[in-house]
Amino acid sequence: MANDVSVLETVLRRDLFRRMLRIRAVEETIAERYAEQEMRCPIHLSIGQEAIAVGVCGALEPDDYIMSTHRGHAHYLAKGGDLRAMIAEIYGKATGCSSGKGGSMHLVDLEVNMMGCTPIVASSLPVAVGVAFASMMKRESRVTAVFFGEGATEEGVFAECLNFAALKRLPLVFVCENNLYSVYSPMDVRQPLARDRAALAQAHGIEARKGDGNDVEEVYRLTRDAVDRARQENGPTFIEFETYRWREHCGPNYDNDIGYRTEAEFRAWQERCPIERHKRRLVNESAILPEAVGEMLDAVRLEIEEAFKYAQTSPVPADDELETHLYAGVRPS
Amino acid sequence: MSRDITYAQALLEATDQCMAASPSVYVMGLGVTDPKGTFGTTLGLEQKFGSARVLDMPTSENGMTGIAIGSALLGMRPLMAHQRVDFALLALDQIINNAAKWHYMFGGQLSIPLVVRLIIGRGWGQGPQHSQSLQALFAHVPGLKVVMPTTPYDAKGLLISAIEDDNPVIFLEHRWLHNIFGAVPLEMYRVPIGKARTVRDGSDLTIVATSHMTLEALRAADVLAREGISAEVIDVRTLKPFDTEHLLESVGKTRRLIVADAAWRTGGFAGEIIAQVVESIDQLAARPRRLTLPDVPTPSTPALADHYYPRAVHIVNAARNLWDLPERSEAELGIVHEVPLDVPDRAFLGPF
């Protein structure tokens, strides 16, 4: 089933836009309210990187699996994760998606096969490979997409994952979000200048692509192609998307003043805002009316307001929840 | 029907029966399909269940553990086997950060029914990186279960329980136990995780032992009996969750405690057992003692390794010390070694 994705349907293009807009609005609200100190856990915002989450998840079927990292809000929401449960989780409430025990770095929504996030760099990579492996063993015809930063490609387990995925021709898409920094450490202290991560994947016999991570349509097309390949049992694909995180590594603020990157670099990337770019394109091509954007934003803000209210009024876990969920019960055999 | 088989055969039989009972169970590990079959514990499984369910694997301990965890998220029940504990240290990120915590950190929505079989090497110059006994490290981590069966009966029953358990279980096997034999029922049965076992009744002293040290403790109890000291021997079997009740009941009766755990002393599980007793029992008749490895890596040469491992004579002398009796040599105690100390003692073959 070779899908022609060179021209995207208007409905899809609008939907990609709406999803990015929603994620941006959610995270900006988190950032605004973070100083209230009611969200008492580390947060890693994806502001500026929304196109990858939305483009990739847009190319997946609802039953397909994803896994993510500490910077997982966008992936969770793009896959269709429950917004109220996410905000409640960040607020440490019993109604959170992980009952308050995981926080922002451990989002999960099994209803949409968002299988989990972990914040140890590259740690969720092999787990996602295992999901793809089991999915293949069970002949589910589902694809797994795993998100990770370029820092993860410096971990040994990255090579282990490429090797096994290639060996078993797993239905898997490796989505590398290259935002140029591992916390504050730039690329040039971490990898040789000539390093081509896509070539690392190719050396393992894995198809590899590179794309503009701030162009949601390009992300969608490249991923769609990889997903089709995986579903047709043609094996895994590695895609590196270049992008940029606008705010600090961890927390709600901008940190261009502290000296590890320049304001000018940030401004240049801000010019490439994935949401503004996609909006301009849709408006110019009359695929969306400017008024409709305003209406979309109003609806999203209402939903977000409601989710925060839900989170803030939800109960905290009872004291005795401290020791629950240590072990799962033994299944009758 | 019960018959005498070896510990290794008991492990193979448990795996075979669990695989036959559930299509979700699969086995992976370096060499599980090779001609030696992980010391005979996986021999013939590939022929019977196919290479999709019995997988040799890339030399990627950490990655493959993560892959096992991921497969467990979709309902598979992976059994990983490492020929040495030491090799699995490459996988500690996946075992400790992911497997142990997954159920808790996602609010109980998913669990990781993973069994990691780890073999503790000893003797014939295994040396610093082929003989580590790291039960305390694993037992320290909430969310893991840690078992150390001593007998063929417990090996089979605990492995079946481990595979059927919905949680990650660290299954520690001492290499010197693989060839011991004992009565094992043919049918599937379960030895509950979390239960210690009194392997010998006594009234004057409780000797609590783990894994292979249980055999040394039994030999020590024989010697002590000749001296008129009645020692009760408890095989811990499960370190986590630990059977505190069983321990306290015995020491409450004997009021004397010796712990024998062939692992490092500092931060070791022997210290944990003593702590549990002194926190709960007043007026012990003597200060508790522990027999452990010294806090040094395992030397390869037998000339030094012979002084590394505690054995029956050390337990006996620790016990004599509780009654202020002088230490005795093995010759004086009638303990005979028919083979050098760097190979398994023939007296320990069984039946157990």
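The values are calculated or read from the model by the stated rules, or taken from the named source; none is laboratory data. All figures in this text were calculated on a predicted structure; none of them were measured in a lab. Glycine gets a Cβ as well: all are built from the backbone with ideal geometry, and neighbour counts include every protein chain shown.
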*Unique residue being buried (at least 24 other Cβ atoms within 10 Å of the Cβ), part of a strand (DSSP E or B) and modelled with pLDDT of 95 or more when the list is A:I52, A:I23, A:I66*: A:I66
*Could you tell me whether any residue of region A:264-282 is in contact (Cβ under 8 Å) with a residue 40 or more places away in the chain, under 30 Å from A:D64 (Cα atoms) and in a loop (DSSP other than H, G, I, E, B)?*
yes
_Enumeration of residues in region B:1-31 that are over 20 Å from the mean Cα position of the chain (by Cα), more than 14 Å from chain A (Cβ to nearest Cβ) and not charged (D, E, K, R)_ = B:M1, B:S2, B:G31
*With respect to A:L107, determine if the residue is within 12 Å of another protein chain (Cβ to nearest Cβ) and in contact with an Asp or Glu (Cβ under 8 Å, 6 or more places away or on another chain).*
yes
_With aromatic (F, W, Y), in contact (Cβ under 8 Å) with a residue 60 or more places away in the chain and surrounded by fewer than 20 Cβ atoms within 10 Å (Cβ to Cβ) as the only criterion, which of B:F269, B:F348 stands out?_
B:F348
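Table: residues versus (1) modelled with pLDDT of 95 or more; (2) closer than 24 Å to B:Q126 by Cα; (3) not polar (S, T, N, Q).
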| residue | (1), (2), (3) |
| --- | --- |
| B:V25 | yes, no, yes |
| B:V32 | yes, yes, yes |
| B:L43 | yes, yes, yes |
| B:S60 | yes, yes, no |
| B:I67 | yes, no, yes |
| B:A72 | yes, no, yes |
| B:A81 | yes, yes, yes |
| B:F87 | yes, yes, yes |
| B:I95 | yes, no, yes |
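Yes or no, residue by residue, for (1) closer than 24 Å to A:A307 by Cβ; (2) more than 14 Å from the chain's Cα centre (by Cα):
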{"site": "A:H44", "(1), (2)": "yes, no"}
{"site": "A:G58", "(1), (2)": "yes, no"}
{"site": "A:G80", "(1), (2)": "yes, no"}
{"site": "A:R84", "(1), (2)": "yes, yes"}
{"site": "A:I90", "(1), (2)": "yes, yes"}
{"site": "A:G96", "(1), (2)": "yes, yes"}
{"site": "A:V108", "(1), (2)": "yes, no"}
{"site": "A:V129", "(1), (2)": "no, yes"}
{"site": "A:M136", "(1), (2)": "no, yes"}
*Quick one: how many residues across region A:163-180 are of a type in the set (A, V, I, L, M, F, W, C) and in a strand (DSSP E or B)?*
5
*Could you check B:L224 against (1) more than 20 Å from the chain's Cα centre (by Cα); (2) touching a residue at least 60 places away in the same chain (Cβ under 8 Å); (3) farther than 26 Å from B:T151 by Cβ and say which number it fails?*
(3)
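Yes or no, residue by residue, for (1) outside any helix (DSSP H, G or I); (2) over 17 Å from the mean Cα position of the chain (by Cα):
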position	(1), (2)
B:M188	yes, yes
B:G202	yes, yes
B:T214	no, no
B:A220	no, yes
B:V233	yes, no
B:G252	no, yes
B:A262	yes, no
*Scope region A:55-90; condition acidic (D, E) and under 16 Å from A:R24 (Cα atoms); matching residues*: A:D82
*Quick one: is B:G75 surrounded by fewer than 20 Cβ atoms within 10 Å (Cβ to Cβ) and not assigned by TED's automatic domain parsing to the domain that holds B:A305?*
yes
*asked:* When the residues of region A:222-245 are narrowed to those that are buried (at least 18 other Cβ atoms within 10 Å of the Cβ) and in a helix (DSSP H, G or I), which ends up nearest to the chain's Cα centre (by Cα)?
replied: A:T223
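For region B:32-67, give me the residue count where each residue is away from chain A (no Cβ under 14 Å), not in a helix (DSSP H, G or I) and not small (G, A, S).
The qualifying residues number 8.
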*Filter region A:122-162 down to residues that are assigned to a loop (DSSP other than H, G, I, E, B) and either more than 7 Å from chain B (Cβ to nearest Cβ) or hydroxyl-bearing (S, T, Y) (or both), then give me how many there are.*
8
*Within the group B:Q126, B:Q132, which residue is farther than 27 Å from B:R197 by Cα and either modelled with pLDDT of 95 or more or away from chain A (no Cβ under 14 Å) (or both)?*
B:Q126
*Residues in region B:48-61 that are out of contact with any Ser or Thr (no Cβ under 9 Å at 6 or more places or on another chain) and at negative phi: how many?*
9
*Show the residue pairs that are 6+ apart or on different chains and have beta-carbon atoms under 8 Å apart, the first residue being within region B:86-97 and facing another protein chain (nearest Cβ under 10 Å), the second being among the hydroxyl-bearing types (S, T, Y).*
B:A91/B:T65; B:D93/A:S123; B:Q94/A:S123; B:Q94/B:T65; B:N97/A:T118; B:N97/A:S123
*Within region B:182-221, which residues are touching a residue at least 60 places away in the same chain (Cβ under 8 Å), in contact with a Lys or Arg (Cβ under 6 Å, 6 or more places away or on another chain) and among the hydrophobic types (A, V, I, L, M, F, W, C)?*
B:V184, B:L205
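Results for (1) part of a strand (DSSP E or B); (2) surrounded by 19 or more Cβ atoms within 10 Å (Cβ to Cβ), shown as yes or no for each residue.
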{"position": "B:A136", "(1), (2)": "no, yes"}
{"position": "B:V141", "(1), (2)": "no, no"}
{"position": "B:T150", "(1), (2)": "no, yes"}
{"position": "B:I160", "(1), (2)": "no, yes"}
{"position": "B:F171", "(1), (2)": "yes, yes"}
{"position": "B:N179", "(1), (2)": "no, no"}
{"position": "B:V191", "(1), (2)": "no, yes"}
{"position": "B:T198", "(1), (2)": "yes, no"}
_Looking at (1) at the interface with chain B (Cβ under 7 Å from one of its Cβ atoms); (2) at negative phi; (3) part of a loop (DSSP other than H, G, I, E, B), which one does A:C97 not meet, given that it meets all the others?_
(1)
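Would a scan of region B:238-257 turn up a residue that is touching a Pro at 6+ places or on another chain (Cβ under 7 Å) and touching a residue at least 60 places away in the same chain (Cβ under 8 Å)?
no
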